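The values are calculated or read from the model by the stated rules, or taken from the named source; none is laboratory data. Just so it is clear, the structure is predicted and the values come from calculations on it, not from any experiment. Cβ atoms come from the backbone with ideal geometry, glycine included; neighbour counts cover every protein chain shown. Heavy atoms of the whole protein, side chains included, go into the accessibility calculation; ligands, DNA and RNA do not. Shrake-Rupley method; radii C 1.70, N 1.55, O 1.52, S 1.80 Å.
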Amino acid sequence: MLPKLSVDQMLMKARSYEKRDEIADAKKIYQTVLLSFPQNKRAKDRLAALNKSQKHNVIQNPPQEVIDQLIKLYNQGQFKSMAEQAQVLTEQYPQAFIIWNCLGVAHMGLCQTEEASGAFKKVTELNPNYADGFNNLGVALQEQGKLSEALDACNKGLFLKPDYVDAYYNIGNILKDQGYPDKAVEYYKKAIRLKPDYANAFNNMGIAFHDQLKFDEAIIAYNKALILNVSSADVYCNMASSLKNQGKSDEAKEALIKAILIKPYHAEAHQNLCYALLKEGKIKEGLDEYEWRWKTSKNVLKQRHFLQPIWDGKQGLTGKRILLWSEQGVGDTIMWSSCLSLVTSQAKHCILECQPKLVPLLKRSFPNVEVKAEDRRSDQQRDDFDFHLPMGSLYKNFIQDLLTNKNPDAYLVPDPNRINYWKDRLKSLGDGPYVGISWKSADMDFKRLPNYAKILELYPVLKLPNVICVNLQYTDFVNDLTKIKKELGITIHNFDDLDHFNNIDDVAALCSALDLVVSTKTTVPLISAAIGTSTKLANWRQSPWNNILLNPKGPLVDIFERDTWEPWKNVFSSIAEDIFTTTKNWSSK
């Protein structure tokens, strides 16, 4: 006797089972229909098709023990062997989607995401109803940064299997990476409703809350993740960031220590501990921890490999040649070049390889250093140096000098002819004083946003009487300059013929011609401080960059800080007051 569902409803339900590749359940429904209606054509045709497909698969699919062997290799972490065996099996069983799926999983284990996505695409072609194939493809594409394609693949998996927990979780991850943390939280919550003990979903939901600056909610999510998995080093590391942003530095440090106790080689935890120690004034310990940066996923590809040894700071450089190489951004290279004179006082010859746009300025500033653009093509064959050192390790190797001379003399030398040129250009704007302004970075990733201000938040400085503001912003500034003019009637003068982003040498000359510079943590204050121009830095107190390792170096640097939960208004009001009192009796340069 048929159940209460109509025949059409039962057939629709069977088809939905087919789409989810739950063939046995689909066949049972078709057989039930045929018991009462032996001549039902739809049920007969579908049952015949499924039986034919299963016979075909018996021929096309490998024995179960072969699949079990691949799964065993996966569980043992032997991804290379798994990939090799799976590749051979794809030739023997080219239509077996499960083998292609195993191949893709093996490539993911080897971090070969392009090869993995190729295998998973084959899976979805062979079995368009296999939800896991689409989900796996989405994960592989996400790892390659192809976020739109990844969202599409995961949604297809979700369509095939509406209660697919991992698909909700992976879509949440993709949205988080795309910069939509609020939408990501919605998908994590859907995953958790289906699987209340999903620790990873709670952890990543905490990250999404953190990215929205909702630190209380982030910590609640992290604590739920820890209840489910108390030994997760990643959760403690993530929680530390939220605690730090709440101003709970001691608790943040404790969380990092717990992460390292659980996982002693947790590189991100060590690097974050570096910043915590530097903030406490434990400079040596902090700089030692900074060496863990090379183990983080972000920096591993930036490492350079030479036949010559790295300089440990203990071996003498007398009569030796040393290569220093830039490892981070332009601003970091400028900042760390404050140590170049210390190197040249010991070494026979010093080579500095850096970003091409820094070469003119650094060549002039350090005439006894061979400054040239970075070239990695012959790293393994070079014989023009005895030791090498990434620039971020200079402070560690010159720690005593760093501690005794926290405000070094100006060390960059702009072109004197260009300084005079810019002085004349500034005089055409009025009598001064002339204040350079910068407020945001070229990289405005949402995780970095607390370091930067909106142009209107600089109002206390911009409205100072008799002050002539000059744009030093090096990207995406036109709309902001128009906005401040339209809404406040204030003009920030911009020199359209200056390439602020690429012509660093001329930017340095302009900074030298100015009376002072006001900026958030961009490359600009690192330049102005290094050439000796008075620099007022608006800093985020909880920023990982706010420490002796990454703050500007120079003789005239004043730092004004705000906490995460505070607006920028107080900082820029304090800077404006400081400028007013110190420039009352100034005459322009």
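Tell me the label-point distance for the pair ILE559, ASP431, using the 7 Å Cα-to-Cβ offset, in nm and rounded to one decimal.
3.7 nm
How about segment 347-378: which trypsin sites (Lys or Arg not before Pro) there are in a DSSP loop, with at most 14 other Cβ atoms within 10 Å of their Cβ? Working shown, then result.
Details: sites: LYS348, LYS357, LYS363, ARG364, LYS372, ARG376, ARG377; in loops: LYS348, ARG376, ARG377.
Filter output for segment 347-378: LYS348, ARG376, ARG377.
For each pair in LYS454/LYS486; LYS214/LYS258; LYS13/LYS52; LYS190/LYS447; LYS224/LYS569, compute the distance between the two Cα atoms and list the pairs where it is over 27 Å. Before the final figure, lay out each step's value.
On the way: LYS454/LYS486 15 Å; LYS214/LYS258 23 Å; LYS13/LYS52 20 Å; LYS190/LYS447 24 Å; LYS224/LYS569 36 Å.
Distance filter (> 27 Å) returns LYS224/LYS569.
For helix 249-262, what angle does its Cα long axis make with the longest principal axis of the chain, in degrees from 0 to 90 and rounded to 10?
Result, in degrees: 50.
Helix 7-19 versus the longest principal axis of the chain: what angle, 0 to 90°, nearest 10, using Cα atoms?
The two axes meet at around 50 degrees.
Using the Cα centre as the reference, give the magnitude of the dipole from point charges on the C-beta atoms of segment 83-140 (Lys, Arg: +1; Asp, Glu: -1; all else neutral), rounded to the nearest 20 debye. Intermediate values should be presented prior to the final figure.
Details: 2 positive and 6 negative charges, 24 e Å.
It comes to approximately 120 debye.
Nearest 0.05, what FRET efficiency do LYS406 and LYS189 give at R0 = 41 Å with Cβ-Cβ as r? Write down the numbers at each step before the final one.
Details: r = 48 Å, r/R0 = 1.16.
E between LYS406 and LYS189, to the nearest 0.05, is 0.30.
Given a Förster distance of 60 angstrom, what is the FRET efficiency for THR475 paired with GLN76, based on the Cβ-Cβ distance and rounded to 0.05? Working shown, then result.
On the way: r = 49 Å, r/R0 = 0.82.
Calculated transfer efficiency: 0.75.
Under a straight-distance cross-link criterion of Cα-Cα below 13 Å, which aspartates and glutamates are reachable from LYS161, leaving out those fewer than 8 residues away in the same chain?
Leaving aside aspartates and glutamates fewer than 8 places away in the same chain, those within reach of LYS161 are GLU18, ASP21, GLU22, ASP132.
Against the longest alpha carbon principal axis of the chain, how many degrees, from 0 to 90 and to the nearest 10, is the axis of helix 215-228 turned?
It works out to around 40 degrees.
Multiply the residue separation of ILE548 and ILE67 by 0.36 nm, subtract the distance between their alpha-carbon atoms, and state the gained length in nm to one decimal.
Details: separation 481, 0.36 × 481 = 173.16 nm, distance 5.53 nm.
Answer, rounded to one decimal: 167.6 nm.
Which listed residue (LEU456, PRO416, PHE501) has the Cα farthest towards the positive end of the charge dipole for segment 397-505, taking +1 on Lys and Arg C-beta and -1 on Asp and Glu C-beta about the Cα centre?
The listed residue farthest towards the positive side: LEU456.
For semi-axes √(5λ) of the Cα gyration tensor in Å, the listed values are (1) 57, 30, 22; (2) 47, 33, 31; (3) 50, 32, 27; which was obtained by calculation from the structure presented?
Here semi-axes √(5λ) of the Cα gyration tensor in Å agrees with entry (1).
With θ set to phi - 60° and the Karplus curve 6.51 cos²θ - 1.76 cosθ + 1.60, what are the ³J(HN,Hα) couplings of segment 360-370 in order, to the nearest whole Hz, using x for Gly and Pro?
My calculation for segment 360-370 gives x, 5, 6, 4, 5, 6, 10, x, 8, 10, 7 Hz in order.
Extending each Cα 7 Å along its Cβ direction at ARG15 and LEU228, get the distance between those two points in nm, one decimal.
In this crude spin-label approximation the distance works out to 3.5 nm.
If you add up the charges near PRO309, with Lys and Arg at +1 and Asp and Glu at -1, over every other residue whose beta carbon is less than 12 angstrom from its beta carbon, what do you get? Walk me through the numbers on the way to the answer.
On the way: positive: LYS314, LYS320; negative: ASP312, ASP386.
For residues surrounding PRO309, the net value is 0.
Taking the Cα-to-Cβ direction at GLN144 and at GLU251 and moving 7 Å from each Cα, how far apart do the two end points lie in nm?
4.3 nm
Find the centroid of the Cα atoms in segment 156-211 and in segment 305-321, then give the distance between the two in whole Å.
Value for the Cα centre distance between the two parts: 49 Å.
May I ask for the net charge around THR113, where only other residues with Cβ less than 13 Å from the Cβ of THR113 are counted and Lys, Arg are +1 while Asp, Glu are -1? Let's see the in-between values first.
Values: positive: LYS121, LYS146; negative: GLU114, GLU115, GLU143, GLU149.
Result for the neighbourhood of THR113: -2.
Can you give me the long-range amide H partners of VAL413? Hydrogens built in the peptide plane at 1.01 Å from N, cutoff under 5 Å, separation of 5 or more residues or another chain.
Result for VAL413 returns SER365.
Which entries of LYS440/LYS536; LYS423/LYS463; LYS279/LYS406; LYS19/LYS121 show an alpha-carbon separation above 19 angstrom in the structure shown? Walk me through the numbers on the way to the answer.
Working: LYS440/LYS536 15 Å; LYS423/LYS463 22 Å; LYS279/LYS406 14 Å; LYS19/LYS121 17 Å.
Long pairs (Cα-Cα over 19 Å): LYS423/LYS463.
Determine the gain in length on full extension of the stretch GLN380-VAL165; use 0.36 nm per residue of separation and subtract their C-alpha separation, reporting nm with one decimal.
Numbers: separation 215, 0.36 × 215 = 77.40 nm, distance 4.74 nm.
Contour length minus the Cα-Cα distance gives 72.7 nm.
What net charge is computed for the residues neighbouring ILE322, neighbours being all others with C-beta under 13 Å from the C-beta of ILE322, Lys and Arg scored +1, Asp and Glu -1? Intermediate results must be reported in sequence, preceding the final value.
Numbers: positive: LYS320, ARG321, LYS348, ARG382; negative: ASP312, GLU353, GLU370, ASP384, ASP386.
Every neighbour counted, the sum reads -1.
Per residue of segment 89-103, what does 6.51 cos²θ - 1.76 cosθ + 1.60 with θ = phi - 60° give for ³J(HN,Hα)? Whole Hz please, x for Gly and Pro, Karplus curve as stated.
These are the phi-based 3J(HN,Hα) values: 5, 5, 6, 7, 10, x, 9, 8, 4, 5, 5, 4, 5, 4, 4 Hz.
Once phi is turned into ³J(HN,Hα) by the Karplus curve 6.51 cos²θ - 1.76 cosθ + 1.60 with θ = phi - 60°, what whole-Hz value does each residue of segment 232-248 show in order, with x for glycine and proline?
Those phi angles translate into 8, 5, 4, 5, 4, 5, 5, 4, 4, 5, 5, 4, 4, 5, 8, x, 8 Hz.
Answer with one residue from SER297, LEU277, ALA347: the one whose Cα lies farthest towards the positive end of the charge dipole of segment 270-425, charges on Cβ with Lys, Arg +1 and Asp, Glu -1.
About the Cα centre, the residue reaching furthest to the positive side is SER297.
Based solely on its DSSP helices, what 222 nm [θ] is calculated for the chain when runs of n ≥ 4 H residues each add -39,500 (n - 2.57) and the sum is averaged over all residues, nearest 500 deg cm²/dmol? Before the final figure, lay out the partial values.
Working: 28 runs with 320 residues, N = 589.
Value at 222 nm, helices only, nearest 500: -16500 deg cm²/dmol.
As I understand it, the dipole of the chain uses +1 on the Cβ of Lys and Arg and -1 on the Cβ of Asp and Glu, about the Cα centre. Which of PRO181, SER574, SER338 lies farthest toward its positive end?
PRO181
How long is the gain from ASP499 to GLU91 if the chain were fully straight, where each residue apart is worth 0.36 nm and the alpha carbon distance is subtracted?
Values: separation 408, 0.36 × 408 = 146.88 nm, distance 5.63 nm.
141.3 nm is the gain from fully extending ASP499 to GLU91.
Which FRET efficiency value, to the nearest 0.05, is calculated for ASN417 and GLN308 with the Förster distance at 51 angstrom and r the Cβ-Cβ distance?
Numbers: r = 39 Å, r/R0 = 0.77.
The pair ASN417/GLN308 has a calculated efficiency of 0.85.
Just the number, please: carbon plus sulfur as a percent of the accessible area of the chain, 1.4 Å probe, no ligands or DNA/RNA counted. If you can, show how the numbers build up before the last one.
Details: 14260 of 28230 Å².
Reported share for carbon and sulfur atoms: 51 percent.
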